[in-house]
Amino acid sequence: MTKKKPDIFLGITMGMLVLAALLCVVILIVQKQTDSKPSVNPTNVVVNSDTNAPVVSDESGSTTEEASQSSQPQQPADVKAIDEAALKAALDDNLQPLSSNWDLVVMDPVVGTKVTASHQADPEAWMEVNRMLPVFIMGSAYQQVANGTMTEADIEADVKAMIVEQDYAAADRLTTAIGGGDAAAGMQAVKDFAAANGMQISYNRALSATSGRPNYMKASLCAEILNKICRGEIVSPDASARMKEIICTPKENEQIVPTLATEGATYGLITDCEDNLCCCTMGIVNLPNRSYVVSVFCFDPVNMGNAQKRAGEIITLTETYFAE
């Protein structure tokens, strides 16, 4: 009787079954390890409750939003927010007896204070003003320097004459230079610069012109650009610091002279009176531990001298709150 030969096909089949069983075991092990991990939100992600968008945290465990806030300039320990309600009440009381129209804005670049007060005036009303525009022209000129189309040597003399000496001819020359030799293009470039920084301004004629559509401004716009300069947000921190230095250069023909009580306090103000109809002043007051911005507009004052005197008194009043 002869032996049967081993069935080759049966051996192959058994081998495949063993391999399949081993593969199943491997899959089960991998699946178990996967299930043990978080499946929705990694441990280094915090969900923002407002937007449901994940905010990835850094290695320290704080969110990137918190890290961004901590990298922002911190206000000095000795600088505190003023009593905004008390200052507004004091400004309102100061203006109440007046027969003319006033609009005031006070801003603190560090703490974020903004106090407004108006008397018989629309805070959004435009006022005919020329000398307030040079700060925007100066900012636009420094933007040209940053862009490489001009150098600081090109603008230095006219910027100082325009701001410190309040020279309209220097402002017109600088505007034309910003426009590449075209005054109209320069005016548009200054308006575009303001718009790029979130401010819409009026610039309709050369500052030295006596006819044509007037230039207009608002107290809020004047305060806003000075606030941004103090915060280092116009062009660059270095350019903003240079602009602040120029604005705060003492002026020989200063029309508003506040009597500040704080030792070492200084200020840089720009005053404009147009056709005995409007009087305004804007500027930066520097106290030993902080600077703040004041913008004072007076519409149709009965007497220019009285309006200027009152503006000085208003600035002195604000100082008592920031110096505390």
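The values are calculated or read from the model by the stated rules, or taken from the named source; none is laboratory data. No experiment lies behind these values; they were computed from the predicted model shown. With ideal geometry, Cβ positions are generated from the backbone for all residues, glycine too; neighbour counts draw on all protein chains shown.
Of the numbered conditions (1) within 17 Å of the chain's Cα centre (by Cα); (2) outside any helix (DSSP H, G or I), S220 satisfies every one except a single condition; which is it?
All conditions pass for S220, except number (2).
Of everything in region 214-256, what is within 21 Å of C280 (Cβ to Cβ) and loosely packed, with under 14 Cβ neighbours inside 10 Å? Give them in sequence order.
T249, P250, E252, N253 - these are the residues of region 214-256 that are within 21 Å of C280 (Cβ to Cβ) and loosely packed, with under 14 Cβ neighbours inside 10 Å.
Hey, any hits in region 265-279 for a residue that's surrounded by fewer than 21 Cβ atoms within 10 Å (Cβ to Cβ), among the polar types (S, T, N, Q) and more than 18 Å from M127 (Cβ to Cβ)?
Yes.
Which residue pairs have Cβ atoms under 9 Å apart, sit 6 or more places apart or on different chains, and have a first residue in region 147-164 that is farther than 20 Å from A206 by Cβ and a second that is part of a helix (DSSP H, G or I) and basic (K, R)?
E152/R242
Scan region 289-317 residue by residue and report those that are assigned to a helix (DSSP H, G or I) and hydroxyl-bearing (S, T, Y).
So the first thing to find is which residues in region 289-317 are assigned to a helix (DSSP H, G or I), and the list is 304-317.
Passing the criteria: only T316.
If N286 passes every condition in (1) outside any helix (DSSP H, G or I); (2) closer than 22 Å to E224 by Cβ; (3) modelled with pLDDT under 95; (4) out of contact with any helix residue (DSSP H, G or I) (no Cβ under 8 Å at 6 or more places or on another chain) but one, which one does it miss?
Failing condition for N286: (3).
Kindly indicate whether any position in region 193-207 is in contact with a Lys or Arg (Cβ under 7 Å, 6 or more places away or on another chain), polar (S, T, N, Q) and at pLDDT 95 or above. First the steps, then the outcome.
Taking region 193-207 and keeping what is in contact with a Lys or Arg (Cβ under 7 Å, 6 or more places away or on another chain), we get 197, 201, 203-205.
Then drop every residue that is not polar (S, T, N, Q), which leaves 197, 204.
Of the ones still in play, those that are also at pLDDT 95 or above are 197.
There is at least one residue in region 193-207 that is in contact with a Lys or Arg (Cβ under 7 Å, 6 or more places away or on another chain), polar (S, T, N, Q) and at pLDDT 95 or above.
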